[in-house]
Amino acid sequence: MNNQPFFASWSGGKDSALALHRAIQNGGRPERLLTMFDSGGDRSKSHAVSEAIIREQANAIGIPLVIRRSGWTDYREQFLSGLDEMKVGGIQTGVFGDIDLEDHRKWVADTCAERGIEAVHPLWGMGRTEVVRSFLDAGFRATVVVGHDERFPAEWVGRTFDHQLIRDMESLGIDPCGEAGEFHTLVTDGPVFKDPLRLNQADLLKRDGYSFARMELSE
């Protein structure tokens, strides 16, 4: 990427972290993280991570955070608003953690193109097991914070995302990347972090067919 400035789409989870790491390894210069939050609260979309924790991740990584809030009906509009802020800052490249879901990759690429931004997907075409093992082998640490109750054992929510968990998932036929929404992770340390996040699990919540590990920053 030849010292090219970029922003990274940041969910707080494993795929966005590995994509950011790969983009830096490829010579890119990270300038911003972009995170989409629910319009009605302080939780990130899909991963349901608190704004305080996402901000602490950004601080630990040392990259400024840009937040947009939306429901699903105005998601595109708010995403474009985030892209506009990137363009004002002179950033014309976005890095995304898509792996092999063509419809989502196309949506991202087409929407970015509307603002003259190139969408880069450093993980595209990797095997799913290759992605998660590369993530761990690079030195990242993460915790499972969301599980779909019909697709992922609720008792595994809150577990460390490690090689043993990957083996356990594979033994049950669970996609180790969770690309169908089986589970989501929260990254707490790794090569892009200057300092690790210190978190405690405060509770396990149930809502709308999902189990959530409610994480809090340690004092």
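Bear in mind that the values in this text are calculations on the coordinates, not laboratory data. On a predicted model such as this, the values are computed, not experimentally measured, just so you know. Glycine gets a Cβ as well: all are built from the backbone with ideal geometry, and neighbour counts include every protein chain shown.
Checking (1) 26, 19, 18; (2) 29, 17, 17; (3) 33, 18, 15 against the coordinates, the calculated semi-axes √(5λ) of the Cα gyration tensor in Å falls under label (1). The simple spin-label model puts a point 7 Å past each Cα toward its Cβ; for Asn26 and Asn59 those points are separated by 3.1 nm.
For the listed residue pairs Lys14/Lys106; Lys14/Lys87; Lys106/Lys206, the alpha carbons are over 24 angstrom apart in Lys14/Lys87; Lys106/Lys206. The C-alpha atoms of the chain define a longest principal axis, and helix 75-88 lies at about 50 degrees to it.
Once the Cβ-Cβ distance between Gln4 and Glu114 is put in as r, and R0 is 22 Å, what FRET efficiency do you end up with, to the nearest 0.05? Walk me through the numbers before you get to the answer.
Working: r = 20 Å, r/R0 = 0.91.
Once the sixth-power term is evaluated, E becomes 0.65.
Taken one residue at a time, the phi angles of region 98-110 give Karplus couplings (6.51, -1.76, 1.60, θ = phi - 60°) of 4, 10, 7, 8, 5, 4, 6, 4, 5, 4, 4, 5, 5 Hz. Gly and Pro are set to x.
Multiplying the residue separation of Asp38 and Arg105 by 0.36 nm and subtracting their alpha-carbon distance yields 22.0 nm.
Using a cut-off of 13 Å between beta-carbons, work out the net charge of the residues near Gly127 (Lys and Arg +1, Asp and Glu -1, Gly127 not included). That works out to -3.
For the modelled label position 7 Å from the Cα of Lys87 along Cα-to-Cβ, which residues of region 109-123 have backbone nitrogen atoms closer than 16 Å? Counting only backbone N, you get 109-119. Karplus-derived 3J(HN,Hα) values for region 150-160, using 6.51 cos²θ - 1.76 cosθ + 1.60 with θ = phi - 60°, are 8, 10, 8, x, 4, 6, 8, 5, x, 6, 5 Hz; glycine and proline are entered as x. Per the Debye formula on identical point scatterers at the alpha carbon atoms of region 111-174, with no solvent, log10 I(q)/I(0) at q = 0.20 Å⁻¹ is -0.87.
Mind listing which chymotrypsin sites (Phe, Trp or Tyr not before Pro) in region 39-136 are in a DSSP loop and have 11 or fewer other Cβ atoms within 10 Å? Please report the intermediate quantities before stating the final value.
On the way: sites: Trp72, Tyr75, Phe79, Phe96, Trp107, Trp124, Phe135; in loops: Trp72, Phe96, Trp124.
The qualifying sites are Trp72.
Could you pull out which residues in region 190-209 have an amide N less than 17 Å from a spot 7 Å beyond the Cα of Asp137, following the Cα-Cβ vector? Inside the label zone: 191.
For region 7-93, the Cβ-based charge dipole about the Cα centre amounts to some 220 debye (Lys, Arg positive; Asp, Glu negative; other atoms uncharged).
The angle between the Cα long axis of helix 14-25 and the longest principal axis of the Cα atoms of the chain comes to about 40 degrees, rounded to the nearest 10.
Ignoring everything except DSSP H segments at least 4 long, calculate the 222 nm mean residue ellipticity for the chain; use -39,500 (n - 2.57) per segment, divide by total residues, nearest 500. Don't jump to the answer; show the numbers that get you there.
Details: 6 runs with 68 residues, N = 219.
Using -39500 (n - 2.57) per qualifying helix, the result is -9500 deg cm²/dmol.
A simple spin-label model places the labels of Asp162 and Arg76 4.4 nm from each other, with each point 7 Å out along Cα-to-Cβ.
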